[in-house]
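Only one structure is covered here, and it is reproduced in the block below.
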Number of protein chains: 4
Amino acid sequence: MTKIKAGIIGGAGYGGGEAIRLLLNHPNVELTFVHSRSNAGNALYSVHADLLGETSMKFTDTIQHDVDVVFICLGHGESKKFLQENPFKASVKIIDLSQDFRLGETLPGREFVYGLPELNREKIRKSDNIANPGCFATCIELGLLPLAQAGLLKDVYTTGITGSTGAGQKLQDTTHFTWRANNISAYKTLTHQHLKEINQSLKQLQPMYSGTINFVPWRGDFTRGIFVSSIITIDKSLGEVRKLYKDFYNGQAFTFVSDDTIDLKQIVNSNKCVVGLEMEGDKLVVHSAIDNLLKGASGQAVQNMNLMFGLDERAGLKLKSIVF
Amino acid sequence: MTKIKAGIIGGAGYGGGEAIRLLLNHPNVELTFVHSRSNAGNALYSVHADLLGETSMKFTDTIQHDVDVVFICLGHGESKKFLQENPFKASVKIIDLSQDFRLGETLPGREFVYGLPELNREKIRKSDNIANPGCFATCIELGLLPLAQAGLLKDVYTTGITGSTGAGQKLQDTTHFTWRANNISAYKTLTHQHLKEINQSLKQLQPMYSGTINFVPWRGDFTRGIFVSSIITIDKSLGEVRKLYKDFYNGQAFTFVSDDTIDLKQIVNSNKCVVGLEMEGDKLVVHSAIDNLLKGASGQAVQNMNLMFGLDERAGLKLKSIVF
Amino acid sequence: MTKIKAGIIGGAGYGGGEAIRLLLNHPNVELTFVHSRSNAGNALYSVHADLLGETSMKFTDTIQHDVDVVFICLGHGESKKFLQENPFKASVKIIDLSQDFRLGETLPGREFVYGLPELNREKIRKSDNIANPGCFATCIELGLLPLAQAGLLKDVYTTGITGSTGAGQKLQDTTHFTWRANNISAYKTLTHQHLKEINQSLKQLQPMYSGTINFVPWRGDFTRGIFVSSIITIDKSLGEVRKLYKDFYNGQAFTFVSDDTIDLKQIVNSNKCVVGLEMEGDKLVVHSAIDNLLKGASGQAVQNMNLMFGLDERAGLKLKSIVF
Amino acid sequence: MTKIKAGIIGGAGYGGGEAIRLLLNHPNVELTFVHSRSNAGNALYSVHADLLGETSMKFTDTIQHDVDVVFICLGHGESKKFLQENPFKASVKIIDLSQDFRLGETLPGREFVYGLPELNREKIRKSDNIANPGCFATCIELGLLPLAQAGLLKDVYTTGITGSTGAGQKLQDTTHFTWRANNISAYKTLTHQHLKEINQSLKQLQPMYSGTINFVPWRGDFTRGIFVSSIITIDKSLGEVRKLYKDFYNGQAFTFVSDDTIDLKQIVNSNKCVVGLEMEGDKLVVHSAIDNLLKGASGQAVQNMNLMFGLDERAGLKLKSIVF
């Protein structure tokens, strides 16, 4: 079978690096080029030191247009600008990891599907342009979609904690090791930018939803992963809720409902989401966890590519988790 | 001035160790004995290695009764049993760090005051027996008491994260380094045992309170500290709320309302609690943080001792925080 | 192509868990059974929580003999005993991860080859029984073998640091999170048990070597990985030494000599070893790093299996490193 | 007793922050001013968040000259320049934490004593100007001085690991949390700048010493502390060596020889140094550990101040270690 030719724009960042790692080992993909203005001419392993011995490929500042798919791994706002200034021909599929196209934004000739397979699998299969979901958005939505599907969603009280890679590789006070080690703090309290796409997705399944996702994000003292606990008032038994979740995620390639308590490291360095359910009185607590760089970014992007090209959804994504 | 003679029961655990560290350096205290059945005869520094060079004192299995105050640092359930089997004479003050006397339990001739100075300072001054609050309880109560005082408390949605010392020194799966490093998990979801004392304290200030503290505790991948975020619906402005908190904590020795965002390491290895306030719409978010072993245990115990003996509340508690 | 049928003895530990993860995703292997006395009947994911959604396989206490290869992941001393009590027929290849057969020990009809491919590749290809090297041994040997090959090895001064997984999953004081987090300590100073196999391997290439490997192991405050720095007096230029190392590791599948400084996370969650070289005056410093559970245990075991069965040496070992 | 008036130059950095924390709680000191150009006018707690509630003092860009002692906490090279441009009158004692005066450099009218009390206590008592030792230098010297005193020092092979605070608060790639968490790496291999002052101190006690300190520094994945292991060939028994060390450090306020194994967290957040000794054949291994910001910087600076002003050497330095 001919391999899919893939290019990466913005390959020097965290998301771009993960995309490189996944595509280099993907059985159906040939990584054609990795674009980076700042690092053009340097070996990939000069930036991503773990790639030493994996590839002698270099960053380029030349965009190759003879590809089947391009992953855009640029900062928010930069993606749209880049695609406007560097349009690809119509036959090139676009998977954009920024938030620039998640809320219905378009480009001439390009409409984007919100790339959460658990919500939009069939649309993704037919789409040429994907707006890859945000990391917190993915984790919170996967924790709540089954309730939205059942029309049960009301006000939600959510706390989520994220690793430092969520803040990108730019040096800043809150990613200084000395400050962040052994530290916890809140940020963007009740105002996180992912709330918009979360609401959009929930309303896709429960159109009359008028509740509020009260979301308090925390910075965690680890590098990878997101763990979220959401509290919702509900008029069902835990057994009923569990059935609802298991039905919703039945047959999914990467999202699993656990019968046991869950923990973050179950899924770190994998493309999986695990969901745990607990109940006390009329209060349901949904715990969910993902790796922010994989299911929350580049892993989900590859999952979307697999769907768009009719591949096994798990191709190139059978990853060894870190576990320990 | 004559020094206060203090003894410690259960000196080999984490809480006992912190009590030793504080009392050894307390300007008004003479640490008379440290009791431990399992370690009797061993140097304190054989268990608490950081005490090398600080003292040549040894653990003893003999209880000395000629003291002014005894700190009981035993496990829950063991304190009551110990005091029943080893009664001290009436002149000896008791500060118990377990949960055995926090909900009105008594011993013959001994009634216990719940030792949260911000709530019960005057009662503590006059008391001979203190039930020292729980760590999560201290942090959550200090985040909510000003609202209870103002009669504003309704349903509360709280997530809190705790360091591994909160689980004690016993070896268990969830305190194995390999499992806990870089990991996050929930436990005792909505059923944490501290909820009882929290409700008791809140109702002391807002007797008609009938709401629920929906509390999801998380295990954190650090050793010391508790960070809590509580979401509450409220019909006040942030300015009004801030004034309310600042008035309530005005003049407190250890609890401070921050005008900035707060973070856990601000207070680790100190006896302080910092409180941060944020608001969006009608939702107030209260962040609060303490060191679970100090303000959440032995530090607060010493603070209570200071009050009981008429000392400066900060005596022996001007600690250098770890900061980094 | 028919898949290799593989079994695992001792599948509930760290090494066994990593073997499961690797073999489940190995393109040429069918994982036939995973033996564990203590967990027989339980799902693999009940012990290895990250396997939820990967497999519904269960631990068994029945040994299946109709397999092509068995990985023995038992504690030191237990392997030999197990194989004596449960002999496999001659056609079953054995890969033993303990230290029981690394120094020439045999079983009736079974002679073991020391399974370091960079040293014994051709012997491994022809062997039916592998004694898989120790983790520190692998890392130190890979740092020194090129010097031994050139007959340049003298006294060596080595410090190495290891993650907590090196100590296994048993709960002990030095793997308690509260103790180990942010802590460093030395253990088995100059007496580590791997020194024997290290000396054996070095003498295989430099038979007259009479120097000493002065090795101080440290416990690190992380879970995975080994980083080693060795100081050696040498009468060569850095350029000459670098050439010697590059020649020695030319064409290796997993061991790479870096021209840059190296760091531990370059290789964590991969089967690679990276080697870095620095020189000052007549002192050469060799830095080397591996993942103790992969190149230092189960990854190398699979690499050996690949060699024994004539597969691509990298089959099933193209792992996504954790990087961050 | 009149309090010592102390000022701090460069109070916004890590060393300056620790100096503030120590001097604020020092029973014999009045902290008169904290100088910082970049933060003049801001509250100390706006930079050092842990000081909230401790003091309402602000940074100033005005230097007060009516003080008894000034702590200079500026970067290397900046101290000398600052003192040349801003000379203090002769009666003001100077304690400089940079490396600018450690190797015999002088200023007009000011000769500096190398401020390692275990080496130069009597000189420090009589001095008006102190060059405070480097962090690695302090830890390595305290591990080797007793051997130098006995004339036993030969070639030394040393590996040391340091926390991220050793690199200062400037944002850089190697202090980015994402990179440094769970990572180990070497830097300045065999060329660390502290080797000069180490050699100077060793030769002060063993003038004919002509060996080499082969020192490989590592970056550790923790924030505070230095742990060092040095290997030396020696013709003595462990008992003889131990006696030599115990005699040398007999009566010291902060340096202790342990009979047990040592670990880093024994001394983190204290001004102590612990030394551990092990032997195998003719090889002695000396382990030593300090907190790089305290005994390795500001704590030792205050210790020197205590000596210079005839105070109890431990005044203001009875710190509660972090332990956990």
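What does the charge count around A:Asp282 come to, taking other residues whose C-beta lies under 14 Å from its C-beta (Lys +1, Arg +1, Asp -1, Glu -1)?
For residues surrounding A:Asp282, the net value is -3.
Angle check, please: helix C:135-149 long axis (alpha carbons) against the longest principal axis of chain C (alpha carbons), in degrees 0 to 90, nearest 10.
With rounding to tens, the tilt is 40 degrees.
With a/c under 1.5 counting as rounded, go ahead and sort region C:184-324 into rounded, prolate or oblate using the C-alpha gyration tensor (a ≥ b ≥ c being the square roots of the eigenvalues; past the cut-off, prolate if a/b is larger than b/c, else oblate).
Cα axes put region C:184-324 in the rounded bin.
Given a cut-off of under 8 Å on Cα pairs at least six residues apart, what relative contact order in percent is computed for chain D? It would help to have the intermediate numbers written out before the result.
On the way: 703 pairs, mean separation 58.7, N = 324.
Value for chain D: 18 percent.
Multiplying the sequence separation of B:Ser210 and B:Arg121 by 0.36 nm and subtracting their Cα-Cα distance, what value in nm do you get? Write out the running numbers ahead of the final one.
Values: separation 89, 0.36 × 89 = 32.04 nm, distance 2.53 nm.
Additional length available on full extension: 29.5 nm.
Which sequence of C:Lys5, A:Lys126, A:Lys320 reflects their accessible areas, 1.4 Å probe, from the largest down?
Accessible-area ranking of C:Lys5, A:Lys126, A:Lys320, largest first: A:Lys126, C:Lys5, A:Lys320.
Per DSSP helix of 4 or more residues, -39500 (n - 2.57); summed, then divided by the residues of chain B. What does that give at 222 nm, rounded to the nearest 500?
About -7500 deg cm²/dmol.
Note down the nm distance, to one decimal, between modelled labels 7 Å out along Cα→Cβ at A:Thr233 and at B:Ala90.
Computed distance between label sites A:Thr233 and B:Ala90 equals 5.2 nm.
Quick check: the angle from helix C:298-308's long axis to the longest principal axis of chain C, C-alpha only, nearest 10 degrees?
Helix C:298-308 and the main axis of chain C meet at about 80 degrees.
Could you state how much accessible area B:His65 has, in square angstrom rounded to the nearest 10, with a 1.4 Å probe and all protein chains kept in place?
Accessible surface of B:His65 is approximately 80 Å².
Provide a whole-number value for the mean count of partner chain Cβ atoms within 10 Å of the Cβ atoms in peptide B:248-256.
Taking the mean over all residues of the peptide, I get 1.
Less than 11 Å Cβ to Cβ from C:Arg242, Lys/Arg counted +1 and Asp/Glu -1: what total charge do the surrounding residues give?
Here the charged neighbours net out to -1.
Name the most mobile residue of A:Leu293, A:Leu23, A:Leu83, meaning the one with the largest mean-square fluctuation, in a Gaussian network model of chain A with Cα contacts below 10 Å.
Among A:Leu293, A:Leu23, A:Leu83, the largest mean-square fluctuation in the Gaussian network model of chain A belongs to A:Leu83.
Mind checking the angle between helix C:195-205 and chain C's longest principal axis? C-alpha axes, 0 to 90 degrees, to the nearest 10.
Orientation of helix C:195-205: about 70 degrees from the principal axis.
For the cross-link pairs C:Lys93/C:Lys123; D:Lys3/D:Lys81; D:Lys89/D:Lys126; A:Lys154/A:Lys236; B:Lys295/D:Lys295; B:Lys80/B:Lys203, which exceed 22 Å when the distance is taken from alpha carbon to alpha carbon?
Pairs exceeding 22 Å: D:Lys3/D:Lys81; B:Lys295/D:Lys295; B:Lys80/B:Lys203.
Once the label point is placed 7 Å from Cα along Cβ, list for C:Lys123 the distances to the corresponding points in the other copies, in nm, shortest first.
Reported distances to equivalent positions: 5.7, 6.2, 7.6 nm.
Between copies, how far apart are the B:Glu105 label points? List them in nm, one decimal, shortest first, with each point 7 Å from Cα toward Cβ, please?
5.2, 6.0, 6.4
How far is the Cα center of region B:64-108 from the Cα center of region D:251-290, in Å?
Distance between centres, Cα-based: 38 Å.
Using a simple charge model, +1 on the beta-carbon of Lys and Arg, -1 on the beta-carbon of Asp and Glu, nothing else, what dipole does the protein assembly as shown show about its Cα centre, in debye to the nearest 20? The partial results should precede the final answer.
Working: 136 positive and 132 negative charges, 0 e Å.
Roughly 0 debye for the protein assembly as shown.
With 18 Å as the limit, write out which pairs from A:Lys188/A:Lys272; B:Lys246/B:Lys272; C:Lys246/C:Lys318; C:Lys243/C:Lys265 have Cα-Cα distances beyond it, or answer none.
A:Lys188/A:Lys272; C:Lys246/C:Lys318; C:Lys243/C:Lys265
What is the antiparallel percent of DSSP beta bridges lying wholly in chain A, to the nearest 5? Intermediate results must be reported in sequence, preceding the final value.
On the way: 28 of 59 bridges.
Percent antiparallel among DSSP bridges in chain A is about 45.
Hey, in the GNM for chain B with a 10 angstrom Cα cutoff, which one of B:Val69, B:Val257, B:Val47 fluctuates hardest?
With Cα springs under 10 Å in chain B, the top fluctuation among B:Val69, B:Val257, B:Val47 is at B:Val47.
Under a point spin-label approximation (7 Å from Cα along Cα-to-Cβ), what is the D:Glu280-B:Asp312 distance to one decimal in nm?
Going by the 7 Å Cα→Cβ label model, 5.2 nm.
Average partner chain C-beta neighbours within 10 Å, per residue of D:281-293? Don't skip to the answer; put the middle values down first.
Working: counts 3, 1, 7, 1, 6, 0, 6, 0, 3, 0, 1, 0, 2.
Mean number of neighbouring Cβ atoms from other chains: 2.
Cα centroid distance between region A:27-54 and region D:1-17, in Å?
Between the Cα centre of region A:27-54 and that of region D:1-17, the gap is 49 Å.
Answer rounded, prolate or oblate for chain A, using the Cα gyration tensor with square roots of eigenvalues a ≥ b ≥ c: rounded when a/c is under 1.5, else prolate when a/b is larger than b/c, else oblate.
Numbers: a/c = 1.75, a/b = 1.46, b/c = 1.20.
Because a/c hits 1.5 or more and a/b exceeds b/c, chain A counts as prolate.
Tally Lys and Arg at +1 and Asp and Glu at -1 over the other residues with C-beta under 11 Å from the C-beta of A:Ala43: what net charge comes out? Before the final figure, lay out each step's value.
Numbers: positive: A:Lys58; negative: A:Glu54, C:Asp259, C:Asp260.
Computed value for this residue: -2.
Every other copy gets compared here: list the nm distances from the D:Lys236 label point (7 Å along Cα to Cβ) to its counterparts, shortest first, one decimal.
3.8, 6.8, 7.5
Considering only region A:1-138, what is the antiparallel percent among its DSSP beta bridges, to the nearest 5?
Taking every DSSP beta bridge within region A:1-138, about 15 percent pair in antiparallel fashion.
Roughly how many Å is it from the Cα centre of region D:177-207 to that of region C:223-250, as a whole number?
So the separation of the two Cα centres works out to 21 Å.
How much accessible surface does B:Tyr187 have with a 1.4 Å probe, in Å² rounded to 10?
We get 40 Å² for B:Tyr187.
For A:Gly316, what residues show an amide H to amide H distance below 5 Å, using hydrogens built from the backbone and excluding near sequence neighbours?
Close amide H contacts, sequence-distant or interchain: none at all.
Using a Gaussian network model of chain D with C-alpha springs under 10 Å, which one of D:Gly11, D:Gly296, D:Gly276 is most mobile by mean-square fluctuation?
Per the Cα network of chain D with a 10 Å cutoff, D:Gly276 tops the list.
The values are calculated or read from the model by the stated rules, or taken from the named source; none is laboratory data. Just so we're clear, the structure is a prediction, and the values are computed from it rather than from any experiment. Cβ: placed from backbone, ideal geometry, glycine included. Neighbour counts: every protein chain shown. When the accessible area is computed, the model is the full protein with side chains, heavy atoms only, and any ligands, DNA or RNA have been set aside. Shrake-Rupley method; radii C 1.70, N 1.55, O 1.52, S 1.80 Å.
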